[in-house]
1. Pick out the one residue from 548, 610, 524 that is under 25 Å from the mean Cα position of the chain (by Cα), closer than 26 Å to residue 321 by Cα and part of a strand (DSSP E or B).
2. Working only within the range 161-201, note down all residues that are within 22 Å of residue 259 (Cβ to Cβ), touching a residue at least 40 places away in the same chain (Cβ under 8 Å) and touching a helix residue (DSSP H, G or I) at 6+ places or on another chain (Cβ under 6 Å).
3. Could you tell me whether any residue of the range 32-49 is part of a strand (DSSP E or B), under 40 Å from the mean Cα position of the chain (by Cα) and either closer than 17 Å to residue 187 by Cα or in contact (Cβ under 8 Å) with a residue 24 or more places away in the chain (or both)?
4. Considering the range 560-576 alone, what residues qualify as being assigned to a helix (DSSP H, G or I) and either more than 14 Å from residue 627 (Cβ to Cβ) or in the same structural domain as residue 476 (by TED's automatic domain parsing) (or both)?
5. Can you pull out the residues in the range 203-254 that are under 20 Å from residue 153 (Cβ atoms), free of Cβ contacts under 8 Å to residues at least 40 places away in the same chain and part of a loop (DSSP other than H, G, I, E, B)?
6. Looking at residue 583 and the list (1) farther than 30 Å from residue 121 by Cβ; (2) out of contact with any helix residue (DSSP H, G or I) (no Cβ under 6 Å at 6 or more places or on another chain); (3) touching a residue at least 12 places away in the same chain (Cβ under 8 Å); (4) outside any loop (DSSP other than H, G, I, E, B), which single condition is not satisfied?
7. Please work out if residue 438 is surrounded by 22 or more Cβ atoms within 10 Å (Cβ to Cβ) and at negative phi.
8. For the range 670-682, indicate whether the set of residues that are touching a residue at least 60 places away in the same chain (Cβ under 8 Å) and part of a strand (DSSP E or B) is non-empty.
């Protein structure tokens, strides 16, 4: 601990307007934390805090001169002063007599990256922002700046017309004007994500943008995505971007257009055509953005793009699945039960994983503006922005700063540990991860020790996540035990008893804690507008952070078994349902949901998309076996198998998502380089297998692997299809008896 500041003796001095603006922020923040605001005085000598101007500091740089119990914040502009104040606030801790500094903050601070921002689109899609008023936006702008952000990105009408929901207090483009004014107030760069609209002609698109650009007091960057949405050929897309740039400069001379290299799915050669257009070095383009549905990996894009164009990264820190960087993106093994219950946009602190991604991408870019749909990714935003400012800071430092800043007065080390534990809660099967229970107990203890945290939306959403993890584990353990007991009864011939066991109700503890989820959801909606369901809180859909919509979906095979068990079909049939995935020791069962990409023993080529089905109500309705929860989607799939019996023929039974391209004749299955099938999707189907084990929307295909294709019990499998790709969830490699 360094120094102790008494709230009764705090004084502030400033000389010019920018220092005055920052001093008002400092005074307001200290009032929130201590109940007292420092006194503004006219003499620098007696000031505890003072603001000094230094023209040698660049726009985003600042200095802090700390001498004993006096601190001088030094910058050349408003933005720099706010960063300095924010850094100070990140380091203060509550003491018995007031507050002190956790460490010495004397030094010069200069950002590593030029662009450091977040997308905060006011539209009907987010899980939070659409419920906010301007004061809440202003507050969030400031809190993001405390972690070094210098850019906010907003969104106009996507299709040229308003699409407001019941939560939205403003017209989207009326709001844009106010959001731009707020950015100007804080000297934040203002970016517009302005997507294509396939129904507009080039002239209509230009005219719509021209009118909006004139309305906005500040624009620094316009970001037209190459796809998602929009399906223009690359040449036409760049031509439109050049026209947009021309009308943009009519009202904002120094603003630039930065298109993204996001390829529309329906145009296979889009990336090559994009590079051709950019190789002409159009002056109207200021830089290029790398985002989801990428035309090239970042290293290839940087090598092939003319050097005059800087790259900006557009990382998705909001989504957990069906996205560019799903949970454990390097191996895609987030457990299907957590995935099903928590879905795509739950509260998702992933600080270590995003720090890893940042390190991978950072050398290629001049900064980032994160994709975000609300506050469920709040910690990820802080981690990402902090690393853009200073990549030498550890994740632990950033989390400690986050906790001191937002949970002032609570035990920083304990909350940092709990945040880290939330990330580790998502390792492996919840049944095997007892850390989940410890994490939940830790959050309960913190709420008991520091009751004020119950009114803090940041802490409360973390508690909600810990509660969710705990209940998924609780439910899964409970149901797997039921299945185990039911299996024993089935083996003894008691099918009726088997059904009775599987139909058991949850106990009182589970019911009470499940009710607690609803109470916390209501509190979060009132505190910050977090929309955890569609009917009460107006979430746009179940996958937009509406955890209460998906939480009760099956996370074991209990419901699947109850829907299939049939007393009239005999003991052998019913036992086979429990043994659905069982194979002999010299056979193989692979499930994308169970085994992840690590289970293949290979590195996949190209961009893998995991089309998770387990959080879809209309699919995971009790008819979907857990082994089918996750669908692999790529143009190719590689897998190694071993331990097979020499001299034995095998059958490969693959479960595909039943989406056939009737024009395709290029589905290819290879075993150790030998083509065992090439033709239409999907080949011979096992109808009995489909009826017994699969559900609507899926189908099987059977391929024969002769023993001549197997080398000393080993076989390398390759699936490929060059139009729609390979979309499957499981396969069996069994002896052809």
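1. 610
2. None - no residue of the range 161-201 is within 22 Å of residue 259 (Cβ to Cβ), touching a residue at least 40 places away in the same chain (Cβ under 8 Å) and touching a helix residue (DSSP H, G or I) at 6+ places or on another chain (Cβ under 6 Å), so the list stays empty.
3. yes
4. Of everything in the range 560-576, those that are assigned to a helix (DSSP H, G or I) and either more than 14 Å from residue 627 (Cβ to Cβ) or in the same structural domain as residue 476 (by TED's automatic domain parsing) (or both) turn out to be 562, 563, 567, 568, 569, 570, 571, 572, 573, 574, 575, 576.
5. Across the range 203-254, the qualifying residues are 218, 219, 224, 230, 252, 254.
6. (4)
7. no
8. Checked the range 670-682: no residue is touching a residue at least 60 places away in the same chain (Cβ under 8 Å) and part of a strand (DSSP E or B).
The values are calculated or read from the model by the stated rules, or taken from the named source; none is laboratory data. Predicted, not measured: the structure shown is a model, and the values here were computed from it. Because the Cβ atoms are built from the backbone with ideal geometry, glycine has one as well, and the counts that use them run over all protein chains shown.
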